[in-house]
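The values are calculated or read from the model by the stated rules, or taken from the named source; none is laboratory data. As the structure is a prediction and not an experimental result, all values here were calculated from the model. Because the Cβ atoms are built from the backbone with ideal geometry, glycine has one as well, and the counts that use them run over all protein chains shown. The accessibility values were calculated without ligands, DNA or RNA, using every heavy atom of the protein model including side chains. Shrake-Rupley method; radii C 1.70, N 1.55, O 1.52, S 1.80 Å.
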Amino acid sequence: MFVRVVGSLCQRVPSVLTRRSVMTKPNVVFVLGGPGAGKGTQCSKIVETYKCTHLSAGDLLREERCRAESKDGQLIDAYIKEGKIVPVEITINLLRKAMEETMQKDSSKSCFLIDGFPRNEDNLHGWTRVMDGKAKVKFVLFFDCGTEVCINRCLERGKSSGRTDDNRESLEKRIQTYQQSTRPIIQLYEKQGKVRTVDASRPVDEAIRPGHSP
């Protein structure tokens, strides 16, 4: 049961014991699925129960583009509006910084659910290049959801989210990008036996619950 797998993974992580507080190598679960599949919502539910940290690549990028002093803000904004994937170096630097800051504050928090990454082959190669030996990817948590369900959820969310990309034109571009670029990454991990699949088309409260086996 994958929720228990995540839970045991997060609870097994040892705390830092050395005098200089050298950080434990983080355990990572990549969380992938189309826009509107419920990745962020379900990660929040997992975090409520188990000792792990949810990092959303998309949220980190949106926060960075809104930061007045950011040198990458305008570039990130342009990519997001076009439904394109932001250059990998920017995303990985934000993820690495967030993990480091989390572990510096609490050395026992060494399990991370990374939501919305890697989104394409370039992302994966970039992660391997930068993070090889610095973090251990345990598996991919894949939220499988139909296109129309995803679009309808995002359009409904867009009524109150304030997100500029929660409109049909941007969504269709994002879903096309997801199908062409992200699905092959999921399939690659499937061949390695490192994918846990969730039927994300079901209502939010039913997609993940303790004891459920997808």
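Assorted remarks:
- Over region 110-155, the reciprocal of the mean inverse Cα-Cα separation, the Kirkwood hydrodynamic radius, stands at 12.9 Å.
- Each label was represented as a point 7 Å from its Cα along the Cα-to-Cβ direction; for Lys97 and Asp59 these points are 1.7 nm apart.
- Diffusion coefficient of region 65-214 by Stokes-Einstein, Kirkwood radius over Cα pairs, 10 °C, 1.306 mPa s: 92 µm²/s.
- Within the accessible area of region 43-110 (1.4 Å probe), percent carbon and sulfur: 45 percent
- Among 180-186, 54-60, 155-161, the order from most to least packed when residues are scored by Cβ within 10 Å on average: 54-60, 180-186, 155-161
- For region 56-143, the spread of Cα coordinates along the three principal axes comes to 35, 29, 26 Å, biggest extent given first.
- Rounded to 0.05, the FRET efficiency of the Glu190 and Ser44 pair, given R0 = 25 Å and the Cβ-Cβ distance, is 0.45.
- Between Gln176 and Asp106, the simple spin-label model (points 7 angstrom out along Cα→Cβ) gives 4.3 nm.
- On the beta carbon distance between Thr164 and Lys71, with R0 = 25 Å, the FRET formula returns roughly 0.75.
- In this simple spin-label approximation, Ala78 and Arg157 carry label points 7 Å from Cα along the Cα→Cβ vector, and these lie 2.6 nm apart.
- Accessible area per residue, Å², region 59-214 with all protein chains present, probe 1.4 Å: 54 Å²
- Put the Cα centre of region 99-128 next to the Cα centre of region 155-190 and the gap is 20 Å.
- Scoring 64-70, 99-105, 77-83 by mean Cβ neighbours within 10 Å over their residues and listing the highest first yields 77-83, 99-105, 64-70.
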